[in-house]
Amino acid sequence: MLRQFLDADRLGVRLEIMGGLPIWEAHPVLKHQRAVDRIRATIERRGPSSTEHGGCGCVHVADVYISFPDGSLKRPDISIFCREPEEEEEAITLIPEAVIEVVSRGYEAKDLELAPHFYLAQGVKDVVVFDPYSLLVLHVRRDRVTRAISPAPIALACGCQCVV
């Protein structure tokens, strides 16, 4: 199945399956990728950087397939894990601690309305959505939603932090 998704990449589109719904999306533009790179450069551990005693390693990856328990296959713009995922040649099955999505023009509904609910239902603790056109930063957890204007510092439940 992953091979079909990689074939879509060669055609210049990203294919995801979210809750059984296939979603085709054009590859991101430069503005989008610059936002991803800028955010990733700020991801770090709050407090001591050691992962001893169960601390989070704040391992972050961009644009990789993750296979979720419900059978969905998604490519978050940024996924943050407390440890290195084991899979290198197939979709990652480790659930991210946090996901950061950068809105692409024409796909606002997917990123702002569908994605937060989906990720929370799959066990992701923090979902952050950044709109580089309006500078809106939406931080969603099960118990609250906060809005800010970029640049905004974000403290994640896993012990990591970043500036969006």
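Scanning region 52-72 for residues that are in a loop (DSSP other than H, G, I, E, B) and either within 20 Å of Val163 (Cβ to Cβ) or not β-branched (Val, Ile, Thr) (or both) yields Gly55, Cys56, Gly57, Cys58, Asp63, Tyr65, Phe68, Pro69, Asp70, Gly71, Ser72. Within region 98-113, the residues that satisfy the criterion of being of a type outside the set (Asp, Glu) and buried (at least 21 other Cβ atoms within 10 Å of the Cβ) are Ala98, Val99, Ile100, Val102, Val103, Ser104. Can you name the residue in region 123-154 that is out of contact with any His (no Cβ under 9 Å at 6 or more places or on another chain) and among the small types (Gly, Ala, Ser) and, of all such residues, is nearest to Pro69 (Cα to Cα)? Among those that are out of contact with any His (no Cβ under 9 Å at 6 or more places or on another chain) and among the small types (Gly, Ala, Ser), it is Gly123.
Can you name every residue in region 63-102 that is touching a His at 6+ places or on another chain (Cβ under 8 Å) and either in contact (Cβ under 8 Å) with a residue 60 or more places away in the chain or of a type in the set (A, V, I, L, M) (or both)? Scanning region 63-102 gives Ile78, Ile80, Val102. Filtering Arg75, Arg46, Arg34, Arg83 for residues that are under 14 Å from the mean Cα position of the chain (by Cα) and within 20 Å of Cys162 (Cα to Cα) leaves a single hit, Arg75.
The residues of region 144-164 that are exposed (fewer than 15 other Cβ atoms within 10 Å of the Cβ) and assigned to a strand (DSSP E or B), listed by number, are Arg144, Val145, Thr146, Arg147, Ile149, Pro153, Ala155. The residue of region 1-31 that is modelled with the highest pLDDT, among those that are touching a Lys or Arg at 6+ places or on another chain (Cβ under 9 Å) and of a type in the set (Asp, Glu), is Glu16.
Tell me yes or no: at least one residue of region 71-88 is at pLDDT 95 or above, touching a Lys or Arg at 6+ places or on another chain (Cβ under 7 Å), surrounded by 13 or more Cβ atoms within 10 Å (Cβ to Cβ) and acidic (Asp, Glu). There is no residue in region 71-88 that is at pLDDT 95 or above, touching a Lys or Arg at 6+ places or on another chain (Cβ under 7 Å), surrounded by 13 or more Cβ atoms within 10 Å (Cβ to Cβ) and acidic (Asp, Glu).
The values are calculated or read from the model by the stated rules, or taken from the named source; none is laboratory data. Owing to the predicted nature of the structure, the values given are computational and were not obtained by experimental measurement. With ideal geometry, Cβ positions are generated from the backbone for all residues, glycine too; neighbour counts draw on all protein chains shown.
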